[in-house]
1. For region 43-56, what are the residues that are surrounded by fewer than 19 Cβ atoms within 10 Å (Cβ to Cβ) and outside any strand (DSSP E or B)?
2. Of all residues in region 83-125 being of a type outside the set (D, E, K, R), within 20 Å of residue 70 (Cα to Cα) and surrounded by fewer than 13 Cβ atoms within 10 Å (Cβ to Cβ), which is modelled with the highest pLDDT?
3. Go through the residues of region 26-33 one by one and say whether even a single one is surrounded by fewer than 12 Cβ atoms within 10 Å (Cβ to Cβ) and either basic (Lys, Arg) or closer than 18 Å to residue 107 by Cβ (or both).
4. Scan (1) closer than 23 Å to residue 35 by Cα; (2) out of contact with any strand residue (DSSP E or B) (no Cβ under 6 Å at 6 or more places or on another chain) for the single condition residue 108 breaks and write down its number.
5. Output the residues belonging to region 79-110 that are within 18 Å of the chain's Cα centre (by Cα), in a loop (DSSP other than H, G, I, E, B) and farther than 30 Å from residue 12 by Cα.
6. Just give me the residues in region 57-78 being in a helix (DSSP H, G or I) and surrounded by fewer than 16 Cβ atoms within 10 Å (Cβ to Cβ), in sequence order.
7. If residue 17 meets every condition in (1) over 10 Å from the mean Cα position of the chain (by Cα); (2) surrounded by 15 or more Cβ atoms within 10 Å (Cβ to Cβ); (3) farther than 16 Å from residue 106 by Cβ apart from one, which number is that one?
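The values are calculated or read from the model by the stated rules, or taken from the named source; none is laboratory data. Everything quoted here is computed from the prediction, not taken from an experiment. Using ideal geometry, Cβ is built from the backbone for each residue, glycine included, and neighbour counts are taken over all protein chains shown.
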Amino acid sequence: MPLSDIPKGTDTYIDANIFLFIAFKEKHFEESKDFLKRVHKMEINGFISIVVLDEVLFKLIQAEASVTFKIPLHATVQFLKKNPDKIQGLTKCWNGIEKILSLNITILDAPKDFRLVMHNCKEYN
């Protein structure tokens with residue numbers, strides 16, 4: 001079913017791909033963007049899990065690190081493990097997660113404040 005066909009008031013679990021299509025302007029970009037607008041306007045009840053947030057954050061960190069430090073995408077994890085202080089210099093990934101957290105989405109099985117998780121990740125690598 002296309003996202004645009006989801007009826008108003010429907011409880012919908014949102015997969016990480018929806019956010020990643022938008023972040024990376026990939027296929028389904030417009031459809032995903034329109035869908036999240038409907039969620040934000042509370043036409044649709046959106047739900048995600050902490051696993052989705054974690055996956056999106058990981059992919060955003062990888063992408064930003066690859067561009068910022070001019071390293072291949074596949075090498076970002078090893079690079080950041082060897083240079084954990086570099087994580088603090090990233091900004092787009094954290095802003096992306098903040099945008100998700102600002103939507104009218106219910107986070108299932110999540111700590112009270114995922115921002116604390118983000119802070120700890122940045123602070124303690």
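1. 43, 50, 51, 54, 55, listed by residue number.
2. By that ranking, first place goes to 91.
3. yes
4. Result: residue 108 passes all but (2).
5. Matches in region 79-110: 90 only.
6. 58, 67, 68, 73, 74, 75, 77, 78 - these are the residues of region 57-78 that are in a helix (DSSP H, G or I) and surrounded by fewer than 16 Cβ atoms within 10 Å (Cβ to Cβ).
7. Status for residue 17: all satisfied but (1).
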